[in-house]
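*Asks:* Questions regarding the structure given below will be posed in turn.
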Amino acid sequence: MPLERLPLGPNELSAAAQRAVAAGPAKMMAARGLMPMSPADQAAVLYQLSLDSEHGVSEAARATCAGLPEKILLGVVSGRIDPRIVDFFVMLHLDKPAVLEAVILNAATADETVAALASRAGAREIDLIAQNEVRALRHPEIIGAMYLNPKARMSTVDRAVELAVRNGIRVPGVAAWDEVARALSGAPPQAPSPEVDAMFAVAASRLSGDDSALTNGDVEALSGGEIQELEALPPEVAQVQIDKLTVPSKIRLAMIGNAFARSVLIRDPLRIVALAAIKSERVTVFEAARYASNHSIGEDVIKYIAQKREWTKPYNVKLTLCMNPKAPVSEVARFLPHLRDRDLRNVSKSKGIPSAVAAQARKLLMQRSSPNK
């Protein structure tokens, strides 16, 4: 969660700052940085006025903050001032590496601010964030933010994950954390590998393009429950040697890559890799429907789809799961009563599904045709 930016209380403002934020023409002058005061007071005043109910005042304060010289900014974010003020200033200057570094190294910076930076910063800043293990363990959302940031080096992320696993910390925000942790559990700590970092960086950069062909569409408009896979992957995907990535790299790519990456990784022979792909928060209902109709995809993936209530609401997803021999019988039993008679008849005659499913379909057909139903 982002840091909540509440207004400063009267006891948190000096007498000069209180006069500057009081109602009257001085307030707009202060918002424009035209009132003489100490840097600390000016920072507090600008933060306070950025939350002002007068739109003109708040916009002027934000504009003044955005235009401050880097030297002044460094003085503000390096000091022991209120964490809310630090958060406010740094989020307006994410393009200034020196400012980011000062904020990351400042013990007064809120953990929530560091987590926000971990999700947006570049590799160098993330390496700096990862060095503070005490903060990362205290606020594991930082590790999750690093993990999901494609700019973070794989070696840096691996060390952060190992730290969490060793200390029994479950990192929030990473849907496939069980798979992430399992990939590193029991393995000796790995030394930073430029080769692994480089391979992952190439994969992450190339597998982040347009994936609308696999993620967008009207599931209910698909006929007969048949959802066709793409015949070939685009060149930028085919050129990436996904099979040569380390297992932790594959799992991370499954979580942060696009649908093209997942379409490869969901077929990985390792169960933890395939499950990471389907657990990615980027998977859409339409994408899940494609996988539900594919009989070559692993049983664990099909089971996960069948148990995801929001994915099984469309009729065609229910139908494809009923026709998929790898779908759990207990879940299919929930879907069968929703099928139309024609589709239920097809299920009852199918030779490729468990006999218990076909028998249940025949029983439902008999009940529907019975005059005493």
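*Asks:* Give me the number: length gained by fully extending Ala66 to Asn167, i.e. 0.36 nm times residue separation minus the C-alpha to C-alpha distance, one decimal in nm.
*Replies:* The Ala66-Asn167 span can extend by a further 32.4 nm.
*Asks:* As a test of reading the structure, rank Arg135, Arg309, Arg271, Arg153 by solvent-accessible area (1.4 Å probe, protein chains only), most first.
*Replies:* Listed by decreasing accessible area, they come as Arg309, Arg271, Arg153, Arg135.
*Asks:* Right, something else. Based on a Kirkwood Rh over C-alpha pairs, give the Stokes-Einstein translational diffusion coefficient of the chain at 37 °C and viscosity 0.692 mPa s in µm²/s. If you can, show how the numbers build up before the last one.
*Replies:* Numbers: Rh = 24.1 Å.
Rounded to a whole number, D works out at 136 µm²/s.
*Asks:* Continuing with this model, one more query. What translational diffusion coefficient, in µm²/s and rounded to a whole number, does the Stokes-Einstein relation yield for the stretch 290-373 at 4 °C and a viscosity of 1.567 mPa s, taking the hydrodynamic radius as the Kirkwood radius over Cα pairs?
*Replies:* Here the translational diffusion coefficient equals 101 µm²/s.
*Asks:* Name the residue farthest towards the positive end of the dipole of the chain from the options Leu270, Ala221, Gly79, assuming +1 on Cβ of Lys and Arg, -1 on Cβ of Asp and Glu, about the Cα centre.
*Replies:* It is Ala221.
*Asks:* Just to check I understand the Karplus step: with θ = phi - 60° and J = 6.51 cos²θ - 1.76 cosθ + 1.60, what whole-Hz values come out for the stretch 87-96, glycine and proline as x?
*Replies:* 4, 4, 5, 5, 5, 8, 9, 5, 8, 10
*Asks:* Related question: For the chain, with the dipole built from +1 on Lys and Arg beta-carbon atoms and -1 on Asp and Glu ones, taken about the Cα centre, which of Leu51, Ile242, Ala203 lies farthest toward the positive end?
*Replies:* Ile242
*Asks:* What does the accessible area of Met29 come to, in Å² to the nearest 10, when a probe of 1.4 Å is used?
*Replies:* That residue has around 90 Å² of solvent-accessible surface.
*Asks:* Do me a favour and compute the ellipsoid semi-axes for the stretch 1-135 from its Cα gyration tensor, root of five times each eigenvalue, largest one first, whole Å.
*Replies:* The answer is 27, 14, 13 Å, longest axis first.
*Asks:* Distance from the Cα centre of the stretch 50-113 to that of the stretch 316-340, in angstrom?
*Replies:* 54 Å
*Asks:* Place a +1 charge on the Cβ of each Lys and Arg in the chain and a -1 charge on the Cβ of each Asp and Glu, then give the dipole magnitude about the Cα centre in debye, rounded to the nearest 20.
*Replies:* In debye, rounded to 20, the chain gives about 1560.
*Asks:* Normalised by the number of residues in the chain, what is the relative contact order in percent for Cα pairs under 8 Å and 6+ residues apart?
*Replies:* Once divided by the residue count of the chain, the mean separation gives 9 percent.
*Asks:* OK, next. Give the calculated FRET efficiency between Glu54 and Glu133 to the nearest 0.05, with a Förster radius of 41 Å applied to their Cβ-Cβ distance.
*Replies:* My answer for the efficiency is 0.40.
*Asks:* For the cross-link pairs Lys250/Lys349; Lys27/Lys96; Lys151/Lys326; Lys313/Lys349, which exceed 32 Å when the distance is taken from alpha carbon to alpha carbon?
*Replies:* Check vs 32 Å cut-off fails for Lys250/Lys349; Lys151/Lys326.
*Asks:* Still on this model: How much length is gained if the chain between Ala198 and Ala108 is pulled fully straight, taking 0.36 nm per residue apart and subtracting their Cα-Cα distance, in nm to one decimal?
*Replies:* Contour length minus the Cα-Cα distance gives 29.0 nm.
*Asks:* Per the helix-only calculation at 222 nm, which mean residue ellipticity applies to the chain, given -39500 (n - 2.57) for every DSSP H run of n ≥ 4 and division by its residues, nearest 500 deg cm²/dmol?
*Replies:* The helix contribution divided over the chain gives -16500 deg cm²/dmol.
The values are calculated or read from the model by the stated rules, or taken from the named source; none is laboratory data. Please read all numbers here as calculations on a predicted model, not as lab measurements. As a convention, Cβ positions derive from the backbone with ideal geometry for all residues, glycine included, and neighbour counts pool all protein chains shown. Note: accessible area is taken over every heavy atom of the protein model, side chains too, but ligands, DNA and RNA are not part of it. Shrake-Rupley method; radii C 1.70, N 1.55, O 1.52, S 1.80 Å.
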